[in-house]
1. Pop out the ³J(HN,Hα) list for region 236-248 in order, Karplus 6.51 cos²θ - 1.76 cosθ + 1.60 with θ = phi - 60°, rounded to Hz; leave Gly and Pro as x.
2. Subtract the Cα-Cα distance of VAL24 and ARG81 from 0.36 nm times their separation in residues, and report this length gain in nm to one decimal.
3. For a quick check: sort ILE307, ILE71 by the number of other beta carbons within 10 angstrom, fewest at the front.
4. What list of ³J(HN,Hα) values in whole Hz, one per residue of region 34-49 in order, does the Karplus curve 6.51 cos²θ - 1.76 cosθ + 1.60 (θ = phi - 60°) give from phi, with Gly and Pro shown as x?
5. Hey, rough spin-label estimate for ASP61 and ARG339, points 7 angstrom out along Cα→Cβ, what's it come to in nanometres?
6. Please report MET150, MET117, MET10 as a ranked list, fewest other C-beta atoms within 10 angstrom at the top and most at the bottom.
7. Once phi is turned into ³J(HN,Hα) by the Karplus curve 6.51 cos²θ - 1.76 cosθ + 1.60 with θ = phi - 60°, what whole-Hz value does each residue of region 278-292 show in order, with x for glycine and proline?
8. Cβ under 14 Å from ASN67's Cβ, ASN67 left aside: what net charge do those residues give with Lys, Arg +1 and Asp, Glu -1?
Amino acid sequence: MLKRYRRKLMDLYGRIRELEADRVGKRVLALEIQEELLRCIVQAEARIRRRRVSNAQTKRDMSKCGNSREISSNLRDLHERGLAYIQGQKKLIGCLRSIGDALAFIYGDRYELKQLMSNNDSGFISGKRGTRLERAALRACFQWGATAVMNDLTNTLRQGDITLFRPDHWPDGGSPVFLIELKSGRGGNKKRAARQQQALADTMKYIQTDLRQTENGVRMRAPLTEEVRRHDEAITRLAKDLPRRGWVTTQVEDSLYYIIIDCDLPEDGVSEAFYFLRGREHHHWHFIYVNKLRDMVLGYYPLPLLIHDPETLYRFYNGEFVIYIAVNVTSLNEEVASRGIFVKSEPDGSWKLGGLKPDDNWDERYILSRTVGLLGAEFASLRWFIDNIISGPMNIQMDKFILEQQPRRQ
């Protein structure tokens, strides 16, 4: 589906690797990549518009009376190919925006950037009244010596128009973010502008205080004892060495397995990739389908920064192989039993925590499916997950929060 754009994507993936290796010294490369992303996305949007017009005409032709069976069949096929073409262009745009995500995560603090995500798609860049102003502002930021990302070039950044990074807070960690909302002309709808400004203010307050009151209760961010440990080198090596029409399966940690299967593998060979299940049929397993997470906007660390080989990354986005993550929950529980807790995998992908303190009046605690998804979407270490999520500072912070809430619950 992306074969026609392979060379361009490979070039952009390579430039991302170059920028990541020297994010300060090659800061201008971040602008050059965004200029290229802008051109490619606008071109893809134009192709979608043209195909929508031709598809609409095909649909009108299909509704004409007197069409023979052969003509009707040909028109239906043409319409279906048009729909598939449009989906392919949308997929290309998603791939290009994942490169924009990588730019932001190279410079920004990953925990702050995730707060800028919402479920609303930004829509087409071309044709928007404010795009010209945003492009001018982006270029001006770099001319003034700042580093910035145009949010419409990303999947993740959905608040504000430009995200500005502050290199004066480097080099120890990611730069704190500064959001810019641009308005052209008279600023458009005043109520909408006020809502956007309030949303930006709420987000920045949450980033600064780690607390937010929502309609569903209090939202709290808890610090981790250590940064995420990942098996990105391992997944890159395994996927790169994947044989054509074959599979690769390995146990990367106790209770944690990676399974990579070439999509041309004959169906009768797929079961061999899951050989580790033999003799463990009574065990409970949790599986994560990484390809599904790849196509969802959930604010995870971008794949262009996790799969380090451009050719392998392209093949993954092109759907040439699939990745599964398997966790042996039975074995995991044997390990954490000494800590007085256990986990249970729920149908919705979340993990229920059991073995809590008898006087814990909070009823039940869950690790959300999005958090469990770190094991697949970011190839996080299971050992890290146990120490930091299952029995680490998150639960300590929750204990503290529950204690503070006790008088209110009486």
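Where a number appears in this text, it was derived from the coordinates with a stated rule and is not lab data. None of these values were measured; they are calculated from a predicted model. Counting neighbours? That spans all protein chains shown, and the Cβs are built from the backbone with ideal geometry, glycine included.
1. 5, 5, 5, 5, 5, 8, 4, x, 4, 6, x, 8, 9
2. 16.0 nm
3. Ordered by Cβ neighbours within 10 Å, fewest first: ILE71, ILE307.
4. After applying 6.51 cos²θ - 1.76 cosθ + 1.60, I find 5, 4, 5, 4, 4, 4, 5, 5, 4, 5, 5, 5, 5, 5, 5, 4 Hz.
5. Distance between label points: 6.2 nm.
6. Fewest-to-most Cβ neighbours within 10 Å comes out as MET10, MET117, MET150.
7. Values per residue, Gly and Pro as x: 5, x, 10, 4, 7, 7, 8, 10, 10, 10, 10, 8, 5, 4, 5 Hz.
8. +2
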